[in-house]
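Novice: Attaching a single structure in structure tokens format; questions to follow.
Rule-based calculations on the coordinates, nothing more; no lab input. On a predicted model such as this, the values are computed, not experimentally measured, just so you know. Counting neighbours? That spans all protein chains shown, and the Cβs are built from the backbone with ideal geometry, glycine included.
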Amino acid sequence: MKALIQRVTAAQVTVDGEVVGAIDRGLLALVGIEPQDDEARVAKLLHKLLNYRVFGDAEGRMNLSLRDVDGGLLLVSQFTLAADTRSGMRPSFSSAAPPAQGEALFDALVALAREQHPQVATGRFGAHMQVQLVNDGPVTFLLEV
């Protein structure tokens with residue numbers, strides 16, 4: 001399971017002209033799910049998302065987590081993140097979880113996130129989405145669990 005996280009001052013997801021998820025200050029997480037992923041990895045990823053220290057403290061050091069700053073979490077499923085790009089000039093998606101598994105695990109991530117954090121928004125699984133963000137820093141990390 002992978003999440004490309006970006007510290008943002010604002011982010012939103014639009015589907016067919018409708019905003020389906022939006023946050024102010026917080027993290028945008030583009031989530032890639034692979035066949036070996038399970039609910040244990042979902043929990044581990046969420047723990048990292050909520051506790052990874054990427055926000056500046058009073059001295060400007062990255063010592064604060066999403067929980068510490070009471071920020072928003074915008075979760076967006078992105079199967080292309082699980083692509084194998086090591087060879088050729090076209091990505092292979094054989095390393096991405098099948099759609100049913102991906103949707104079930106993404107839904108589990110969203111449900112668990114909503115139990116543990118007050119500000120959670122999402123994109124729409126399987127939809128063609130437009131993601132807008134203001135990357136703060138820029139600060140971007142690839143988390144793998």
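Novice: Work through the residues other than PRO138 whose Cβ is under 15 Å from its Cβ and net out their charges, Lys, Arg +1 and Asp, Glu -1. Could the numbers behind the result be given before it?
Specialist: Details: positive: ARG7, ARG25; negative: ASP136.
Net of charged neighbours comes to +1.
Novice: Ok, one more. Going by the alpha-carbon gyration tensor, a ≥ b ≥ c the square roots of its eigenvalues, is segment 59-112 rounded (a/c under 1.5) or, if a/c is not under 1.5, prolate (a/b greater than b/c) versus oblate? Intermediate results must be reported in sequence, preceding the final value.
Specialist: Working: a/c = 4.43, a/b = 1.61, b/c = 2.75.
Note, shape of segment 59-112 comes out oblate.
Novice: Note down the net charge around THR122, summing +1 for each Lys or Arg and -1 for each Asp or Glu among other residues with Cβ under 10 Å from its Cβ.
Specialist: On the way: positive: ARG114, ARG124; negative: ASP107.
Taking every other residue near THR122 into account, the sum is +1.
Novice: Ok, one more. Please work out how much length the chain gains when fully extended from HIS128 to ARG61, using 0.36 nm per residue of separation minus the C-alpha to C-alpha distance, in nm with one decimal. Please report the intermediate quantities before stating the final value.
Specialist: Details: separation 67, 0.36 × 67 = 24.12 nm, distance 3.65 nm.
Computed gain between HIS128 and ARG61 is 20.5 nm.
Novice: To continue, here is another question. Report, as a whole number in µm² per second, the diffusion coefficient that Stokes-Einstein gives for the chain at 25 °C and 0.890 mPa s using the Kirkwood radius over alpha carbon pairs. Present the calculation step by step, with values, prior to reporting the outcome.
Specialist: Working: Rh = 15.4 Å.
Answer from the Stokes-Einstein relation: 159 µm²/s.
Novice: Going by alpha carbons, how many degrees (0 to 90, nearest 10) lie between the helix axis of 39-51 and the longest principal axis of the chain?
Specialist: 30
Novice: Taking K and R as +1 and D and E as -1, what net charge do the other residues with C-beta under 11 Å from the C-beta of TYR52 add up to?
Specialist: +3
Novice: Enter the angle in degrees (range 0 to 90, nearest 10) between the Cα long axis of helix 99-116 and the first principal axis of the Cα atoms of the chain, meaning the one along which they spread out most.
Specialist: Once rounded, the angle reads 20 degrees.
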